[in-house]
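What follows is one structure encoded as structure tokens, with my remarks underneath.
The values are calculated or read from the model by the stated rules, or taken from the named source; none is laboratory data. Predicted model, so just to flag it, every value in this text is computed and none were measured. Note that we place each Cβ from the backbone using ideal geometry, even for glycine, and neighbour counts take in every protein chain shown.
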Amino acid sequence: MFISRLKKISLYLFSAIITVVVIVAGVIAWNLLDVDRVKAHAVQQLESLTGRKVTVGRAELDWGKGVSVRMRDVSIANRSQSDPEFEAQSVWVVVKLLPLMEQKVEVEKLIVQGATLLVERNAEGQFRFGGWGDATEGKTTAENWKNPFQVSALHQLSFQQSVLRFHDYKVLEDGKPASLELDKFHFSLNKPLLKSDYDFILSVEAPHPDQPTAFNAAGTLKNLLNKDPVSRLQWKGKVHAQNLHLSLLKPYLHALSYQASDDSEIGFESEFEGALGGAWTLSGKGHYALVGRDHLPTLSDQDSPKRASAHFDVQVDGNSLDLKKVSLESGRFAVSGSGKVENIFSEDPQLQFSISSKAFEVDHSHEYMPLKLLPEKMHRLVQSRFTGGSFRIKSLDFKGSLNQLKHLDDKNNSHLFSCEIDLDRVNWMEPLPDFKKVTGTLLMKAGASKVHIAKTTFEGLPITDIDGVIHGLLYDPIADLRVKNKVDMEQFIKFLTRILGDDPFAEVLHAVESVRGSGVVEVALKGSLNDDSKLSIFGDLDVENLSVKRRGLPDAIESVRGKVIYRDLSVDEKKDGALSMAEFHGFSGSIGRSSFEDFNGKMILERDNRYREFSAKSRVQLAEVPDIQGYMDLSEPVLKFINSLQFSDGIAEIESFASGTPDTKAGVKRWGTAKLQNVSVRLRDKFQPLMNVKGILKFDDQAKLHLNHIEGWYGNSPIQLGGEVKFAQERKPVFDIDIKLPKLAQSDLKDIPRLDRLKFKGPINVSTRLKGTVDAFQFSKQINLTQTSYQYGGDFSKPEGRPNQISLKGRMTKNKDIDLESLAFELDGSRLEGVGHVEGDSDFELKLQGKQLELKQVASFLPKAPKLLSGLADLQVQVKGSMERLSQAEVRAQAGVTKVAFAKTFPQGTFTGNLDWNGEAIAIKNGGWVDKDSKLKFTARYAPGIEPKAPELTVELNEGVLNIHTEQSEGGSGLSKWMEGVSLFDKGRTHVRLNLSLLTYKRLVMKNLRGEVKIQNRKISVNKLTFGEDGKIHSEGALSFVKGKPMEFKHRLYVEGISAENFVAPFGSTFKEGLTGKVHNFSANLSGQGDAWEDIMGTLTGRVEFLLDAGKIYKRQMKNGIASLTGERQEASGTGEVPAEKPSDNELPYDSISGKFMLIGGIAETSDFILETPGRRTSLVGKLDLGKGEIDAVLGVAPMANLDKFLTQIPLVGKIITAGDEASLVKTYYALRGPLTDPKATAIPFVSLGKKVMGIFQGILQTPQDILSLPTSDDNTN
């Protein structure tokens, strides 16, 4: 019963549950079946969240994620643009179950898939999600998103398989916001049951060509359900990043003035806590793999080339970055410290940091982090002072702006940092003292550096315990250092030489070659290391038993004892003008077989002068002067003079004294004597030596050196010297010396520059006087060359015995210039006078002139000059150039020449004109030439040409008459030989412009001649030549002369529309009155070759055409002209008297003359020469041998020319009657053979006229075909 009742109760209960489930399911189904209502509710919620228009593609029920509606293709509109601002593939809206029972829709979860999210940060640092503006007035987008969690109890918000885009307007790159796009964005915000905080999980990837960067973060979000603003929401969790490429963070690294290569990457793990609008704390560790832009490691040492690790504790609060504790390790290198950055995103953030490190290499300091953050200029500046070895930073502090850090190398920013550094085997560099392998400490603060050097070496000299301060060590170092050591003297001398610089006492040290022994020295160094004039040195030196060898001396000074005290005077002492002082006390020693003792001296260097005193007595082997002059206290001029001499033998016994201040007006007074015995001396590396010099030199307290009876030999020439030299207080010796060389031989000029080119025989008598100083003196020189024969190069040659005098007078100025006040060169009656100037040791200028110079006489000294018969010249010459390059001197000359006649030249005659030579060419102006019946005016320019340039001549014949006589021209062979003898025509270029009223050459008479003649490469070219009464005869041609070949001739002549008289006029009397009429045209184009004109006639090749009309032929004149041209003589026929000739017998009127001649090898052939005379036509067919002057032709005469003309007008019949092409009814033929001037004419019998008969039949047979047949395609005639 109980079981039965239990079953019934269970049945009722199950039925009730089923009923409730069915009812609830029905209610849910009824509510969800209205998808549009749920969709509308979801859209309303999204629009409330975003403040934007929301569009949904389609919606459908989905039970996979709970009771939900899946909306596809969701987009959120952009307020200001047409494109949507947010898009998602799918959005699931999961609703709560119980509200559905009351027909209410409440969203419990919102799941977004395939979305593209936009996050922006504006210039003020405010974040905006989705790039959306305010949803409702007074609320930000973030506040709108927070509202569903507080009001609607939204438990979960999830983004899956989405893309996140971040635009940061607070950090700009090239004017654009910094941007970052992240793929595979997964974010989940979920509220656990019974908890008020939300849990979040974030994972995302940043794409990269090599390997994507993965970010993972997880933690909790607090205060989401409170009424606090979003900016105060607390985030706490852990973040992990792997393979983070620094190229993704370039805009932010640039803001920190840090640059890294694209393949640099980091990874880190960190705990974080903070709020979006507040401070963030990060604490963790990271690892680095940084490769610099030059592919060298930036966080490395030799043991760890590419990797490093770090630990950090950092706090970020708005624009402030607080590095509470940061440490970094890379192999053996480690650095730790702390710092702070204010206004990190501003143009010039404020920085403050303090670091310390383990030892690192100085030369690689720029490769270590965070030292790499220091500007590159600062690293270079430090490395310009120190190199090698290592630094260990005990402390390095900086406080200032980023811009100041970038310009830390600026001296004005030196107070912003301080440091304490241990140095280990570091080398110091200029301008610091050249210390090597320095071990010690360096404390830098406020621009001052406290130095303690435990040990170092300087130029090989070990030094210990150097202390002091260097101000401005990295910029303009000013030192205050002290040291006291027992030193090896050789090393100490090198040390003193370095630090004393140009100090006068240093001059003594420079002369020391080697030192053996030791001494006790105490030195203080104070002043600017960049300016030796501002560097003061103090020192005491005690020496005993030293061996000192002076530079250049063969023997050392042994057993040296004494004390030197050196000091730069104090500031108060310097006010009196003194700068430094060196004193020598109790010095003694020996050198070779000599010795000295109790040597005391003093030298005081003042601002304007220095004082010294000494006395000495010695016997000097002059050959050893270079070795011992360092021990001789001589004035600078005397010392320079001695150094310019090279002694090889002889003795000087010297006793000298000196005292005074050399740089004052009083100077140093020196006096003594020197007796010379068998001295051999020469200017060092110049000239020949003076041998066997004897005499006495005296010098007194007035600084005068007297030369008393000094004589000797200069090479093989005796020489005498006398006078005095005064060494003035201003160190400029004043001399007045006479030098005589009565028999100077050529062999003694071999070492004298510029004179060694003179080649002469016989003695020269030279007398010279010099008066002045080495800077400025007067001179006079007389040179007699009468007994001398000489030459200069190959341009000038003077034989022995012809009078020749040269006198020079002038002065040398303080600028080392030489003014030649007078210069006279007289040679065998011809005299040139002038002045000159030599600037320094090189440039010079001479101006010379001569009056009425006999050119024939002058030319006798010039081997290359053409031979002259007569002529006078007024000459002015200006020469500029360098004494070192005489051959390149610029020569300008002007000469007016008269009655100049050259021997064996073409053309002969006398020349006048004004010549101007500019160094490259001779210009002839107002030129004139006269010879017999010829007279020309011309201008010309001739450039002789210097290799590789060829000579060039340009001539303009302006006016005049030129008659070239037979004896002046020898034909082609003579012209070729003449050209071979003249380099201008053989190798150069000649251009002649003709403008003559008359030119005659053999039988040619050319009036009004105009044109151009060019000669080049042994070729004469005639261009644009016109002549004749009316200038209508045009001609051009060429003659070529090639060695070993006959002359080649080319000629072209053409005439149009002139009278026959003017046409034959150029032949002069040859055809005078031989032809009248009009020449319509005449053209000849001929070429030939041969050694003479007769040979050329026999080789002529070309073409001749002509047409004349309406004139007369005078047979006798024409016949004589042809005979004259061919060279044949006219002989009278028969033995009787020549009958008198009637004028009508000599005249031959003509209507026209035409013809064409083809010439090959001197043979002219024609087939259409026609002479039309009144009542008769004469034609000629045959050959004319111009070389032999013979003819072989057939002459046809048609006596009825008028009838023939009439018959040829009759169609068909006329052609038949006049024999077709013959065009004549009756014609008589003659054979012409023999000389051109008198050929033998033989009539051809009628029976032999096969051509005549065949011509008639040819006309009959061909006439129908000619008339009736049409031309074929192959027939080109018309």
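Counting only residues that are modelled with pLDDT of 85 or more and either not in a strand (DSSP E or B) or not aliphatic (A, V, I, L, M) (or both), the range 318-328 holds 5 of them. Only a single criterion out of (1) of a type outside the set (A, V, I, L, M, F, W, C); (2) surrounded by 15 or more Cβ atoms within 10 Å (Cβ to Cβ); (3) at pLDDT 70 or above is not satisfied by R731, namely (3). Whenever a residue of the range 1227-1240 is within 17 Å of M1118 (Cα to Cα), it has no partner that is among the aromatic types (F, W, Y) and in a strand (DSSP E or B) lying with C-beta atoms less than 7 angstrom away and at least six residues away or across chains. Screening L697 with (1) at pLDDT 75 or above; (2) farther than 21 Å from G762 by Cα; (3) outside any strand (DSSP E or B); (4) not basic (K, R) gives one miss only, at (3).
Within the range 410-447, if we keep just the residues that are part of a strand (DSSP E or B) and among the small types (G, A, S), the residue that is nearest to H379 (Cα to Cα) turns out to be S418.
Once the range 781-835 is narrowed to residues that are within 18 Å of G881 (Cβ to Cβ) and not in a strand (DSSP E or B), the residue that is modelled with the lowest pLDDT is G793. Each residue in the range 45-77 was checked for being assigned to a loop (DSSP other than H, G, I, E, B) and at pLDDT below 70, and 1 of them qualify.
Conditions (1) surrounded by 15 or more Cβ atoms within 10 Å (Cβ to Cβ); (2) touching a His at 6+ places or on another chain (Cβ under 7 Å), marked per residue:
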| residue | (1), (2) |
| --- | --- |
| V316 | yes, no |
| S327 | yes, yes |
| A334 | yes, no |
| I344 | yes, no |
| K394 | no, no |
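Per the listing L189, L224, the residue uniquely buried (at least 16 other Cβ atoms within 10 Å of the Cβ), in contact with a Phe, Trp or Tyr (Cβ under 6 Å, 6 or more places away or on another chain) and modelled with pLDDT of 85 or more is L189.
Would you confirm whether or not the range 926-935 contains a residue that is among the β-branched types (V, I, T), at pLDDT below 85, part of a strand (DSSP E or B) and surrounded by fewer than 16 Cβ atoms within 10 Å (Cβ to Cβ)? No, the range 926-935 contains no residue that is among the β-branched types (V, I, T), at pLDDT below 85, part of a strand (DSSP E or B) and surrounded by fewer than 16 Cβ atoms within 10 Å (Cβ to Cβ).
Check D775 against each of (1) assigned to a loop (DSSP other than H, G, I, E, B); (2) crowded, with 16+ Cβ neighbours inside 10 Å; (3) of a type outside the set (A, V, I, L, M, F, W, C) and name the one condition it does not meet. Failed condition: (2). Screening L154, L194 for residues that are touching a Pro at 6+ places or on another chain (Cβ under 7 Å), modelled with pLDDT of 70 or more and outside any strand (DSSP E or B) leaves exactly one candidate, L154. Sub-7 Å Cβ pairs linking a first residue in the range 837-861 that is on the phi > 0 side of the Ramachandran plot to a second residue that is assigned to a strand (DSSP E or B), at least 6 apart or interchain, are Q852/L872; Q852/D874, ordered by first then second residue.
Among the conditions (1) touching a residue at least 60 places away in the same chain (Cβ under 8 Å); (2) touching a Leu at 6+ places or on another chain (Cβ under 6 Å), the only one that S414 does not satisfy is (2). Applying the condition of being assigned to a strand (DSSP E or B) and surrounded by 17 or more Cβ atoms within 10 Å (Cβ to Cβ) to the range 913-925 and asking which residue is modelled with the lowest pLDDT yields W917.
Applying the selection to the range 192-212, what residues are charged (D, E, K, R) and loosely packed, with under 12 Cβ neighbours inside 10 Å? K195, D210, listed by residue number. The sole residue among F861, F844, F938 that is over 28 Å from L999 (Cβ atoms), part of a strand (DSSP E or B) and aromatic (F, W, Y) is F844. Of the set (1) without any contact (Cβ under 8 Å) to a residue 40 or more places away in the chain; (2) buried (at least 17 other Cβ atoms within 10 Å of the Cβ), all apply to S997 but (2). The set of residues in the range 1077-1129 being modelled with pLDDT under 85 and acidic (D, E) consists of D1091, E1094, D1095, E1128.
The residues of the range 448-486 that are loosely packed, with under 14 Cβ neighbours inside 10 Å and either assigned to a loop (DSSP other than H, G, I, E, B) or in contact (Cβ under 8 Å) with a residue 40 or more places away in the chain (or both), listed by number, are G460, D476.
T1076 satisfies every condition listed in (1) surrounded by 19 or more Cβ atoms within 10 Å (Cβ to Cβ); (2) of a type in the set (S, T, Y); (3) in contact with a helix residue (DSSP H, G or I) (Cβ under 7 Å, 6 or more places away or on another chain) except (1).
Scanning for something surrounded by 18 or more Cβ atoms within 10 Å (Cβ to Cβ), more than 19 Å from I76 (Cα to Cα), at pLDDT 75 or above and not acidic (D, E), does the range 120-140 turn up at least one residue? No, that holds for no residue. For the structure I just gave you, tell me whether K856 is outside any strand (DSSP E or B), more than 49 Å from the chain's Cα centre (by Cα) and of a type outside the set (D, E). Answer is yes for this residue.
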